[in-house]
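Down below is the structure, laid out as structure tokens.
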Amino acid sequence: MPELAVVDSQATEKYLRIASISIALYDYIITLPAEWRFYRSQSSIFRLRLACVLFILIRYGSIVVMILSNYGVFSTSFTQETCHRYYMVAPVFKVIQTMISQVILGVRTFNIARRDKRIGISLIVLYFVSVSLEWFTNMFDRIPVIVNGNCTPGNSGKILSAWFYYIVAMLYDLAVLTISTVYLLRYNPLSSRLERLVRVLIYDGIGYFVVLTGSNIFNIILYHTSDIQTQAAGASLGFAVIWIMSQRILIHLRELSEAETRRVDNVVAARSPQIARDVVPALRPPPDSKSYDPECALASFSNMQTDDMELDICACVEPSVTLDHTNECGLSSSWGNPMEK
């Protein structure tokens, strides 16, 4: 009977890991166009924007941690000696992935909070406290678990410190989500586009927290089981969830920026090419112009270049633009593009 229980535990863990790999692979394939748009929007391969750098780190860092974690489970050639050298590799990359994800949430929250210095300092302190606790709780009292040539990290102490890792991660997520949501609810959007942006940001934050919290609670339950072989069974699922939800936040911000840029270009393109060349500078005033307000709260992306979007949620005041145009008959006409101020 004990042998059957071990077999069932191994089978359950492998099913969970196969499911997480399948979900992550599917999401990777369907987000390849979004990845290409990230690269295409960069001014140079040597001058990548912050959003693009974070996208690359969370995307391919997650692939590395999933490969390393699942290799130990599906391989059957580990010995006691090789497992002792390998079993801590996956936990190390697990914390690194979480750190990248928390940077994305922290930068997003800082921009939503109007880049308030006090909020920025609080987020930095919260980040380093959380990261320190995550490294400690994830590394303390870990042991190699070898079953039929598989190698996974376990936690056999009386106090299962590894599950505290998920508690710390949830508390960080809750803190940054609360800050960002409070600031978003304070805004009084004067246009439907700005209202849509606020709604997307709120839904992204809540969705991230709900999905990732569910995954963390699932892992906490597994770490409290009596079977040491099943403790890390949900780890791969957590890796996939962090990967998917973190990059979705970046993708949604990029899509909003591109949509607003296309909208402005369509308005400009409705006139002749000569007029279009005159309108673009007017619709997108330089940052040092008097109409630019760096302390504004939300991004009204229509007077921002796409490349300027670095998780930025700052807005510029949009002036009304009216142009005098003389047509072929020599008659003077005027047209305008009143923008919400």
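Here, each number is a calculation from the coordinates, and none is a lab measurement. In this text, all values refer to a predicted model and were calculated from it rather than measured experimentally. Here the Cβ is made from the backbone with ideal geometry for all residues, glycine too, and neighbour counts use every protein chain on show.
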- Message: Please list, by residue number, everything in segment 65-93 whose backbone N is under 19 Å from a paramagnetic label point 7 Å out along Cα→Cβ of GLU35.
- Response: 65-70
- Note on the structure: segment 1-133, Kirkwood Rh and Cα Rg, ratio Rg/Rh at 1.08
- Message: Give me, ordered by chain and number, the residues 5 or more places off VAL145 or on other chains with an amide H under 5 Å from its own placed amide H.
- Response: THR152, GLY154
